[in-house]
Amino acid sequence: MMTKEGFPKYERICKENDIALLFDKGKGVSVYPFRVVYLFRRDDSRPVTVRLLVSVSKKRFHHAFKRNRVKRLMREAWRRNKGPLYEICEKDNISVDVALVYTATVIHSYDEMLAKTKKAVQEIVKRYEKHSQTPR
RNA sequence: CGAUUCAGGCAGACUGUCGCGGGUCGGGAAAGCCGGCGCGAGGAAAGUCGGGACAGCACAGAGCACCAUACUUCUUAACAGGAAGGUGCCCGAAAGGGUAACAGCAAGUGCCACAGAAACAUACCGCCCUGAACCCUGAGCUUGUCGAAGGGUCGAAGGGUAAGGGUGAAAACGCGAGGUAAGAGCUCACGCGACGGGUGGCGACACUCCGCCGAGGUAAACCUUAUGGGCUGCAAGUCCAAGUAUAGAGACACUGAAGCCUUCGGGCUUCGAGAGGGCUGCUCGUCCGUCGUCUCAGGGUAGGGCGCUUGAGCCUGCGGGCGACCGCAGGCCUAGAGAAAUGACAGUCGCCCCGCAAGGGGAACAGAAUCCCGCUUAUUCGCCUGGGUCGUUGC
């Protein structure tokens with residue numbers, strides 16, 4: 001099953017075009033300490049995939065080792081909490097791209113990262129279900 | 001034992017669970033499949049400051065310009081690095097240590113504020129010499145608006161003088177003596193400095209040596225001399241190449257649009273077009289072509305591959321050298337990503353600090369991006385090893 005807690009290459013957004021599309025068409029919501037941008041997209045050529053992009057700006061963290069630390073914590077927390085997104089995606093056979101942009105200026109602990117990413121995932125699920133219930 | 005200083009080293013370890021990037025082996029038709037094994041940040045990975053390797057472009061040779069370097073020798077692939085040494089300056093009682101834009105202003109040119117007479121050949125004051133004129137005295141005889149000689153508290157003018165005064169950051173090598181009209185390296189002793197020679201040293205340079213000389217400073221002023229330097233950087237560069245558009249090649253087709261009628265072959269009406277070029281200036285004719293479709297094609301975007309880690313490599317031993325470093329032998333393979341892996345959690349042990357103890361607290365600076373050699377900066381009131389110096393105690 002896809003709900004296991006790995007984080008392989010195909011679950012990361014690497015292509016420049018994909019990133020441009022995500023930030024151009026995606027919907028944004030702020031869940032401190034993140035800004036979340038997500039985009040549901042139907043693509044029958046690939047299996048159902050939840051993909052992630054993490055971003056920590058050089059403006060907020062000047063030192064490379066601090067940026068690395070934040071990104072690693074974010075990825076670690078994400079792979080623990082992404083399960084609910086796979087549930088709804090497999091139910092509706094749809095993929096989703098998510099970008100997490102770190103907006104705080106201090107490094108939060110791993111436990112806080114876990115809690116906040118969980119909240120972010122729940123927020124995306126809630127908004128998706130609300131949107132799919134409204135008649136088009 | 002403590003303090004201080006120099007040199008070198010370390011940068012917690014192990015286990016479990018989950019996860020990531022390469023590699024490799026096995027299964028599988030294959031996979032974004034399954035499993036095993038092994039590797040996966042630093043001493044500065046940092047700053048990007050020097051130097052190279054490598055790559056592309058440029059390039060006959062030489063010169064000019066420009067830039068860089070600048071005590072010597074050695075070291076190195078190379079360097080503005082390093083080692084050993086020289087010289088000046090600074091600290092120190094000494095031993096010793098630190099430091100230097102450390103070639104040339106006795107090649108040329110420029111500049112040297114203010115002050116001062118003068119900033120490189122100049123005389124303001126002062127000193128000294130000559131001394132017109134004037135004054136005093138006045139031999140003499142031609143008795144004059146004469147005048148030898150002498151003197152003067154007067155001194156036009158000319159000249160000498162850099163010892164003294166004053167100015168300045170700096171004033172004619174310093175100081176003493178001789179000397180002189182007064183003075184002056186004019187002469188002499190001592191000292192300082194330049195050049196030539198001698199001796200020692202590979203050399204920078206040194207010397208209680210000899211000769212000759214005395215010349216302001218400034219080259220982070222132009223400049224001179226010597227040496228070196230093409231430019232750009234792995235986002236270099238190179239290979240494959242979807243889609244879209246298309247100069248080019250080939251084939252086919254060929255007046256265009258709208259409306260109406262139709263037996264679907266076509267017909268009628270209206271509007272627009274009938275362009276351009278060659279063969280002859282014009283007309284005709286003819287050829288190329290304009291417009292459309294398809295195929296080929298080249299360059300090339302997205303994307304992907306290579307470059308990409310075996311190298312001036314690391315470790316150990318022996319040998320050479322004061323040293324930087326070099327030689328030989330044996331062993332080892334030690335990250336290679338690409339919106340960018342090297343992580344998370346738990347436990348045990350070790351280290352440091354506080355505490356009698358239970359226990360509590362702490363662990364810096366910081367993250368590979370083509371690769372090396374250096375330099376610089378950051379780093380725990382950290383730890384370990386060795387050397388020097390000083391202090392205290394004991395023998």
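Read the figures in this text as sums done on the coordinates, not as results from a lab. Predicted model only: the values in this text are computed from it and were never measured. Note that we place each Cβ from the backbone using ideal geometry, even for glycine, and neighbour counts take in every protein chain shown.
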When DSSP beta bridges are limited to those with both residues in chain A, what percentage is antiparallel, rounded to the nearest 5? 60 percent
Rounded to whole angstrom, the alpha-carbon centroid of the range A:1-54 lies from that of the range A:111-130 at a distance of 14 Å
Under the Kirkwood approximation applied to all pairs of distinct alpha-carbon atoms, what is the hydrodynamic radius of the range A:9-128 in Å? 14.6 Å
Among A:17, A:93, A:68, which one shows the biggest mean-square fluctuation in a GNM of chain A, springs joining Cα atoms closer than 10 Å? A:17
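Output the relative contact order of chain A, whole-number percent, from Cα pairs under 8 angstrom with separation of 6+ residues.
Computed over chain A, the figure is 33 percent.
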In what order do A:71, A:126 fall by count of nearby beta-carbon atoms within 10 Å, going from fewest to most? A:126, A:71
Per-residue Cβ contact counts at 10 Å, fewest first, order A:32, A:128 as A:32, A:128
Cut-off 14 Å, label 7 Å out along Cα→Cβ of residue A:18, residues of the range A:76-104 by amide N: A:95-100
J(HN,Hα) series, the range A:10-18, from Karplus relation 6.51 cos²θ - 1.76 cosθ + 1.60, nearest Hz, glycine and proline x: 6, 8, 10, 8, 10, 6, 4, 5, 4
Farthest toward positive dipole pole in the range A:1-130 [+1 Lys/Arg, -1 Asp/Glu at C-beta], among A:124, A:68, A:40: A:68
Please identify, among A:95, A:30, A:57, the residue showing maximal mean-square fluctuation in a Gaussian network model of chain A using a 10 angstrom Cα cutoff. A:57
Point-charge dipole on Cβ atoms (K/R +1, D/E -1) for chain A, about Cα centre, debye to 20: 520 debye
How much length, in nm to one decimal, is gained on full extension between residue A:105 and residue A:91, taken as 0.36 nm per residue of separation minus their Cα-Cα distance? 1.3 nm
